[in-house]
Every structure is written in C-alpha cells, then in structure tokens.
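Report on the following structure.
The values are calculated or read from the model by the stated rules, or taken from the named source; none is laboratory data. Keep in mind the model is a prediction, meaning the values are calculated, not measured. So basically every Cβ, Gly included, is an ideal-geometry build from the backbone, and we count neighbours across all protein chains shown. Side chains included, ligands, DNA and RNA excluded: accessible areas come from the protein's heavy atoms. Shrake-Rupley method; radii C 1.70, N 1.55, O 1.52, S 1.80 Å.
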Amino acid sequence: MGKINAAITGIQGYVPEYILTNKELETYVETNDEWITSRTGIKERRILKGEGKGSSELGAKAVQKLLEKTNTSAEEIDLIICATATPDMVFPATACIIANKVGAQNAFAYDLMAACSGFLFSLSTASKFIETGTYKKVIVVGADKMSSIVDYSDRATCIIFGDGAGAVLLEPTEDGLGIQDAILRTDGSGGEFLHMKAGGSAKPASHATVDAREHFVFQDGQPVFKAAVKSMADVSEEIMQRNNLAADDVAWLVPHQANKRIIDATARRMGVGNEKVMLNIEKYGNTTNGTIPLCLWEWENQLKKGDNIILAAFGGGFTWGSIYIKWAYDSKK
Ligand code: UT7
C-alpha cells in the first residue's frame, strides 16, 4: 500500500449578499476610497445581516453546498473542524452547530482558533486524521462574521474586515497528490498588537468593558503589517526550498487576504508573477478564516490535477504558516 495523503476533493464558498462599499464606510468614519484602495486593495466587503445569525450561518451554507456538489451525504462525514475567530458563542463550538445544521450526525466536531491562520492550522490538523487512516471524510470550514467584532467607529480596522466562509472536503489518496507539506508557526509575543481585550476569561464582559469598547478587534496596524510581510514571505520561501520548488514549478499562490501590499511582498520573495496569485481582497476584504477557501473556490475552474499550490497566511497570535498542495482533481464545474 502506498503512502496515504489527504487530498482536497471539493471546495465551496459562501458570502452573504449585503455589499459594504468604501463609499458607505465614508459615511461612518473619516476615510475615503482612494486611501482604502491604495493602502489595502479593498473596494468592498460582504456583511451578514439579520438578528441572531452568527458564523455558523455562513459556515453551514458553505458546508451544505459542498455536500451537494460532491454528492456526499451528511451522514458520511467523520469530522468537521471549524476555523473561526468569531464563534457563534463561547461554547458550544460553532463546528457542533454547523454539524447539526447540515445533519452530520455521525461526525464529531470542534473549533480551532488561530485567528487568520486558522484555516491552515485546521487543514494541517485534519490532514493527519486522513494520513493515519483514522478517517475517510473530513470537512474543514473557515467561517467568520467579522462584522460582529468590528468597531465601525474605528477607521483603522473597520475598513479591512468582511464576512464569509469556505469549506473543503478532505479524503485519502494514494496517488501522491494532496497535501504535501506544512510549516506552521506561532509567536505569542505578537499578541499585544492584535487582539480583543475583553470577553474572555481574563476579562469577562462587564458594563465597564462594553463602555470602553473592548469587545472589538484591537489592532496596532504597523507592527502587524511588518511581521506579516516578513513571516508570510519567509515560510513561503522555506516551503519552496524544502520541496525543491522553483518559481516556475508553482502554479498558484493562495495568500490570506489581509492587505494587497502584504500579498505582493510574498509573491515577490517567491519570484511568482501576479498572474499566479489568487486575489479577491477587492471584493471581500479580510474574511479571516474565509479568505483562503474563498480564493480556491473562485479559482476552482482554473485548477488542474497536479498543480503545485502554495497556501500562506499570517494572523493574530501571531500565527502564520504555509502549506504545499498538489491539487488532486480537474475542475468539476
Ligand atoms: O489579517 C490579520 C493580520 N492583519 C494584517 O495583516 C493587517 C496589517 N496591517 C495593515 O494592513 C495596515 O497597517 C493597515 C491597512 C491597517 C493600515 O495601513 P498603514 O499604512 O499601516 O497606516 P497607518 O496605520 O500607519 O496610518 C497612516 C495614516 C495615519 O495618519 P497620520 O498619523 O499619518 O496622520 C492614520 O491615522 O493613515 C491614517 N489612517 C487612515 N486614513 C484614512 C488610518 N486609517 C485610515 C483610513 N482612512 N481608514
């Protein structure tokens, strides 16, 4: 028997309908389309509207459509990992809520939190259950309703984030395709630059924390930007070297969509041309755990079996990483 790899055998995205444009943001804070576009590359983002709807609403829609698209019945799913920074509640896990919504009654389910790197950390974690032969069908879903934790009076953060979700189905393959390698890293000393101050066990919600607007994303943009540029480029270059990949061997770079300037710097270091870089930040902004699967979903019809694809992300923690995939199928679209 050959070595078992975990292969992505289906991908699906979901974004809510409401479009929040730079123009509308100009009515909330002192900003303008020119600044936002030139500093970040973002033109608009999607927002989930409606009382009582959380990240599971986005995630469940992506998973439901993924199941239909791959002709998979919900009962066949062994495990659902949900990467999210905006769980519906502190507990139960959003993955449990999603599993219930889609009828995945035989799956166990849990959340994995690694901020914007959560999708990569989850993908790598999920791949181990497949590679060891433990499970046959695992879903990784990245889902974030960032609008629930964004302060729309803070111009430094409210322009960046949007809501969205993406899900992949992982199955075993013995043909050498699928996930080849992963480099995942953490530096907790970066936590001070990007976090939510209250609402956790260290500082539970109180009138004082609400009054101080401490239930929103806090970001000191420049140190995060500097670390992101360096770290995402470092791991992307390292994974290429370790797998003997030259720039010409790379079919696609799939970067976390936080800032177009960070993405450009990563592509430059890898020597990969813009035509090979998946970029949809213009339409969706930073959907945290949704960015990478949303890109793969949008580009799915251009992906070919055997394509060398590098995924790369950086986020709060700090967390960052890179995954090398040999794409396992020609588009089913
Ligand atoms: O996904 C998780 C990881 N997160 C990231 O990777 C984000 C990394 N950071 C960034 O992408 C950038 O730091 C931001 C896009 C958040 C900010 O861009 P920047 O070029 O670092 O701007 P800055 O914070 O240094 O601010 C430059 C100027 C300041 O004005 P002064 O002090 O020079 O007069 C800001 O007050 O731009 C001002 N500014 C704005 N102006 C218009 C900040 N936000 C805005 C805004 N509109 N929305």
Strands (runs of 3 or more DSSP E) lying entirely in segment 174-289 (those with 2 or more residues that are free of Cβ contacts under 8 Å to residues at least 60 places away in the same chain): 252-255
Kindly check whether there is at least one residue in segment 128-148 that is more than 30 Å from Val210 (Cα to Cα) and within 16 Å of the ligand (Cβ to nearest atom). no
Could you list, in sequence order, all residues of segment 2-36 that are within 14 Å of the ligand (Cβ to nearest atom) and within 21 Å of the chain's Cα centre (by Cα)? Leu20
The residue from Val272, Val235, Val250 that alone is more than 11 Å from the ligand (Cβ to nearest atom) and either under 19 Å from Phe119 (Cβ atoms) or at pLDDT below 95 (or both) is Val235
Quickly run through segment 263-281 and pick out the residues that are under 23 Å from Gly317 (Cα atoms) and either out of contact with any strand residue (DSSP E or B) (no Cβ under 7 Å at 6 or more places or on another chain) or surrounded by fewer than 19 Cβ atoms within 10 Å (Cβ to Cβ) (or both). Asp264, Ala265, Ile281
Kindly evaluate Asp163 against the criterion of being out of contact with any Ser or Thr (no Cβ under 6 Å at 6 or more places or on another chain) and charged (D, E, K, R). no
Any hit, segment 63-73, residues being in a helix (DSSP H, G or I) and either over 28 Å from Ser127 (Cβ atoms) or of a type in the set (Lys, Arg) (or both): yes
Checked Ser148, Ser117, Ser73 against criteria (closer than 27 Å to Ile183 by Cβ and not β-branched (Val, Ile, Thr)); the one match is Ser117
A careful count of residues in segment 36-59 that are β-branched (Val, Ile, Thr) and surrounded by fewer than 16 Cβ atoms within 10 Å (Cβ to Cβ) gives 1
Flagged in segment 38-64 as in contact (Cβ under 8 Å) with a residue 60 or more places away in the chain and more than 12 Å from Lys101 (Cβ to Cβ), in numbering order, are Arg39, Thr40, Gly41, Ile42, Lys43, Glu44, Arg45, Arg46, Ile47, Leu48
What number goes with the only condition from (1) touching a helix residue (DSSP H, G or I) at 6+ places or on another chain (Cβ under 8 Å); (2) outside any helix (DSSP H, G or I); (3) surrounded by fewer than 20 Cβ atoms within 10 Å (Cβ to Cβ) that Tyr329 does not pass? (1)
On the basis of being touching a residue at least 12 places away in the same chain (Cβ under 8 Å), away from the ligand (no atom under 14 Å from the Cβ), assigned by TED's automatic domain parsing to the domain that holds Leu79 and at negative phi, does Ala114 make the cut? no
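What about Gly317, is it in contact with a Gly (Cβ under 7 Å, 6 or more places away or on another chain), open to solvent by 10 Å² or more (accessible area, probe 1.4 Å), within 16 Å of the ligand (Cβ to nearest atom) and not acidic (Asp, Glu)?
yes
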Kindly indicate the residue of segment 298-307 that is open to solvent by 20 Å² or more (accessible area, probe 1.4 Å) and either in contact (Cβ under 8 Å) with a residue 60 or more places away in the chain or in the same structural domain as Ser122 (by TED's automatic domain parsing) (or both) and also nearest to Gly59 (Cα to Cα) among those meeting that condition. Glu298
Number of positions in segment 282-297 that are more than 13 Å from the ligand (Cβ to nearest atom) and buried (at least 17 other Cβ atoms within 10 Å of the Cβ): 6
Residue count for segment 196-220, restricted to those that are within 11 Å of the ligand (Cβ to nearest atom) and either of a type in the set (S, T, N, Q) or surrounded by 15 or more Cβ atoms within 10 Å (Cβ to Cβ) (or both): 2
